[in-house]
Amino acid sequence: MPKLWKLDDYDDCLQSPGPEEPPGVYCANTVVIRPDNRSELWRLIEEFSNDHKRNFNHAVLKRGVCIQRCQKTVESLSPAVRNALLVDKFAINRTYKFDETIFENSAADRAMYEDMVEICINKELNDTYGLMAYTEVQSCDKSSMEMNIDTLDQSFLIILCLLISFVILSSWYDSSINYKRIPDHYKHSLDSKRKMVWVAFSLQRNWYRLTSRSSNEMNKTLRFFQAFRFLTMTLVIFGHAVLLLTVSPTTHPEKMEKLMHDVGSMILTNGTQITQTFLAMSGTLLAIQFLNFSEQRKGRVGYLYMVIAIVIRWVR
């Protein structure tokens, strides 16, 4: 079967060309093989891909094409051969591409390069496997492109600078109110809510809170949750490490597919079941917190509490 992923060298394609040469262009493309029931290979691809829970869809391929290389291939073909290698779009009943709006200039890139890329890819598919495919350009990178900072980038930089400023100012304020120069000043609560707000981003105070153990009786009672957290995190990290070290979906997808047919590896790679413990623990702790709060208020808890609890959790 054709490789699911096949990518030209990105860096070589976009390396700075000479002053008189056109800029390098590298396009990421989605390739959908055209059904052909006369082909035994196509029937195999269709049957294999129908087991979508354990196998990849081998009818949809990803190709990274360097336009300069592709252009040379197309120029070596006669006009009749080029027309024969073009495939009109046919009905595709599976999701095969990203939302076009997330790529800038995708429509212009498609109009400029799509036919050339399709001829290039179909020549290889037809010569090697006797198959034809519809190709759609998703996005193109050009060596002449400049990095543009948009509104989202600016917002991120502003928020990052604000957070760094808050940490510096809060840490300075926390040190400045230590009039008696007590070494463990940051370990003690302050005498007013205003001061507590000002030291909310204090580096030394928050580091102490993160690394110290609470003397609260409830925390001691629920200490066994740490064991569940440790075991779950170990499984999550181990699962990702094993997948990254032994399997690469882009270069060896068949190994991933074999793993999904083995019961033992299926349990490890099916992270949904493992991470459910996080949701269970979070729900349990939230319920305990709510019951404690309700007991303190003698059952008088309004809907506003739920809104505040959700907002606080979101901020955290």
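Below is a table of values for the structure above.
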{"read-out": "Simple label model, 7 Å out from Cα along Cβ direction - SER294 to ARG69, nm", "value": "6.4"}
{"read-out": "Förster radius 51 Å - calculated FRET efficiency between ASP150 and LYS180, Cβ distance, rounded to 0.05", "value": "0.55"}
{"read-out": "Area accessible to solvent at ILE310, 1.4 Å probe radius, in Å²", "value": "110"}
{"read-out": "List LYS62, LYS180, ordered by accessible area with a 1.4 Å probe, largest first", "value": "LYS180, LYS62"}
{"read-out": "Shape category assigned to the stretch 90-211 from the gyration tensor of Cα positions, a/c cut at 1.5", "value": "prolate"}
{"read-out": "Under-5 Å amide H pairs with SER139, H placed in peptide plane, nonlocal only", "value": "ALA28"}
{"read-out": "Any cysteine of the chain lacking a neighbouring Cys Cβ under 4.7 Å - listed by number", "value": "CYS161"}
{"read-out": "Residue of PHE48, PHE201, PHE238 that the Gaussian network model of the chain assigns the largest fluctuation, springs spanning Cα pairs under 10 Å", "value": "PHE201"}
{"read-out": "Estimated inter-spin distance, HIS52 and SER78, nm [label 7 Å along Cα→Cβ]", "value": "4.2"}
{"read-out": "Among ARG110, ARG297, ARG69: highest mean-square fluctuation, GNM of the chain, C-alpha pairs under 10 Å", "value": "ARG297"}
{"read-out": "Heavy atoms of MET112: accessible area, 1.4 Å probe, square angstrom to 10", "value": "130"}
{"read-out": "Convex hull (Cα only) mean projected area of the chain, reported in nm² to one decimal", "value": "26.5"}
{"read-out": "Linear extension gain, ARG43 paired with ARG316, 0.36 nm per residue minus alpha-carbon span", "value": "93.1 nm"}
{"read-out": "Listed residues CYS120, VAL199, ILE177: farthest to the positive end of the dipole of the stretch 111-209 (Cβ charges)", "value": "ILE177"}
{"read-out": "Per residue value of the accessible surface for the chain (all protein chains in place, 1.4 Å probe), Å²", "value": "72"}
{"read-out": "Overall Cα dimensions of the stretch 1-113 - principal axes, largest extent first, Å", "value": "51, 36, 24"}
{"read-out": "Lysine pair count for the stretch 1-151 [Cα-Cα under 16 Å; pairs on different chains or 8 or more apart]", "value": "8"}
{"read-out": "Pairwise label distance in nanometres, VAL197 with PHE230, each label 7 Å out on the Cα-Cβ vector", "value": "4.1"}
{"read-out": "About the Cα centre, charge dipole magnitude for the chain (Lys/Arg +1, Asp/Glu -1 at Cβ), debye", "value": "2660"}
{"read-out": "Label-zone membership for the stretch 302-316, site ASN216, 7 angstrom Cα→C-beta point, backbone N under 18 Å", "value": "305-306, 308-316"}
{"read-out": "Which of TRP172, TRP42 is most accessible, then next, and so on - probe 1.4 Å", "value": "TRP172, TRP42"}
{"read-out": "Within the chain, helix-based [θ] at 222 nm, where runs of 4 or more DSSP H residues each add -39,500 (n - 2.57), nearest 500", "value": "-17500 deg cm²/dmol"}
{"read-out": "Two-site FRET efficiency, ALA107 against ASP141, from Cβ-Cβ distance with R₀ of 25 Å, rounded to 0.05", "value": "0.95"}
{"read-out": "R0 of 30 Å, Cβ-Cβ distance LYS6-ALA91: FRET efficiency to nearest 0.05", "value": "0.75"}
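The values are calculated or read from the model by the stated rules, or taken from the named source; none is laboratory data. Please read these numbers as outputs of a predicted model, since none were measured by experiment. A quick note on method: Cβ atoms are made from the backbone with ideal geometry, for glycine too, and the neighbour counts reach across all protein chains shown. Note: areas computed on protein heavy atoms with side chains; ligands, DNA, RNA excluded. Shrake-Rupley method; radii C 1.70, N 1.55, O 1.52, S 1.80 Å.
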